[in-house]
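Notes follow once the structure below has been shown.
Quick note: the coordinates plus some simple rules give every number you see, no bench work behind them. Predicted, not measured: the structure shown is a model, and the values here were computed from it. Methodologically, a virtual Cβ is constructed for each residue, glycine included, from the backbone with ideal geometry; neighbour enumeration extends over all protein chains shown.
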Amino acid sequence: MNSPRIRVLIVDDHPVFCDGVAAILQNQSDIELIGRARDGEEAIIQYRALRPDVTLMDLQMPGMNGVDAILAIRATDSSARVIVLTTYAGDALAIRALKAGATGYLLKSSLRTEMIDSIRSVHMGQRHIHRGVAEEIALHVVDDALTDREVEVLRLVAVGQANKQIAAALGLSDETVKRHLKTIFSKLAVNDRTHAVTMAAKRGFIEL
């Protein structure tokens, strides 16, 4: 008697990418694509309706993002198995997704080499994290994470706001903004605002 096929739901707002995933999956005798969703809110609806064995989830989507969708799906079903598919290798974003309940984390560039194995592994109850992402997490595991306030400051720095503008926007004093920036520079091991923004984006604290 044949084993049941692994039923997969894909969540991504790019139809061409979804078509590519579908093409890879259609050649697998033990896996079937049962549904698609374009954003986090639709993912929750589709998950509840289809109850897939494994969900492939993008993180950056219009409307509800992937991390929030994972949280909502896991609140509905604590046994839900979700594999993140993303272009972002940063440790901060990966940690947020894993803390939200993701059981796999893949880069879109590695789909053809890793996706099938990761679906099978996660379906069996194992974790599967892309090696490069795992190395980033290990590299920064002892680093202090940026606080929510520090991320807010950095987001305003990223759009070109000066300290006085940041202070006004966040209801802080100029000196407090300067202290936040000094701490941010130390945590990210950088010396100026430009490098702070670049490093924060690379690690997934902010989006550019």
inquiry  = Would region 6-139 count as rounded, prolate or oblate if I go by the C-alpha gyration tensor, calling it rounded below 1.5 in a/c and otherwise prolate when a/b exceeds b/c, oblate otherwise?
reply    = rounded
query = Can you work out D for region 76-124 in µm² s⁻¹ from Stokes-Einstein, where Rh is the Kirkwood radius over C-alpha pairs, the temperature is 4 °C and the viscosity is 1.567 mPa s?
reply = 115
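How large is the charge dipole for region 6-139, taken about the Cα centre, if only the Cβ atoms of Lys, Arg (+1) and Asp, Glu (-1) carry charge, to the nearest 20 debye?
Details: 14 positive and 17 negative charges, 59 e Å.
It comes to approximately 280 debye.
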ask   = What list of ³J(HN,Hα) couplings, whole Hz, do you get for region 37-49 from phi and the Karplus terms 6.51, -1.76, 1.60, once you set θ to phi - 60° and write x for glycine and proline?
value = 9, 9, 7, x, 5, 5, 4, 4, 4, 5, 4, 5, 6
request  = Go through VAL54, LEU33, GLY132 and say which Cα lies farthest out towards the positive end of the charge dipole of region 6-139; charges sit on Cβ, +1 for Lys and Arg, -1 for Asp and Glu.
outcome  = VAL54
message = Along the charge dipole of region 148-203, pointing to its positive end and built from +1/-1 on Cβ of Lys, Arg, Asp and Glu, which listed residue (ALA158, SER173, SER186) has its Cα farthest out?
response = SER186
note = The orientation-averaged projected area of the Cα convex hull of region 66-183, in nm², is 9.0
inquiry  = Using only DSSP helix segments of four residues or longer, with each worth -39500 (n - 2.57), what per-residue ellipticity at 222 nm results for the chain after dividing by its residue count and rounding to 500?
reply    = -16000 deg cm²/dmol
request  = May I ask for the equivalent-ellipsoid semi-axes of region 148-203, computed as the square root of five times each C-alpha gyration tensor eigenvalue and listed largest first in whole Å?
outcome  = 17, 11, 9
note = Non-local residues with an amide H under 5 Å from the amide H of ILE31, with H modelled 1.01 Å from N and Pro and chain starts lacking one, are ILE6
remark   = Karplus ³J(HN,Hα) for region 98-104 (6.51 cos²θ - 1.76 cosθ + 1.60, θ = phi - 60°; Hz, whole; x = Gly/Pro) runs 5, 5, 6, x, 5, 10, x
ask   = Taking one equal scatterer on every alpha-carbon of region 124-171, how large is log10 of I(q)/I(0) by Debye at q = 0.16, 0.31 1/Å?
value = -0.65, -1.06
message = Helix 111-123 against the longest principal axis of the chain: what's the angle in degrees, Cα atoms only, rounded to the nearest 10?
response = 70
request  = Treating only the Cβ atoms of Lys and Arg (+1) and Asp and Glu (-1) as charged, compute the dipole magnitude of region 148-203 about its Cα centre; round to the nearest 20 debye.
outcome  = 160
key: DSSP loop trypsin sites (Lys or Arg not before Pro) with at most 15 other Cβ within 10 Å excluded, longest remaining stretch of the chain   = 6-126
Between helix 193-203 and the chain: long-axis angle, C-alpha atoms, 0 to 90°, nearest 10 = 20
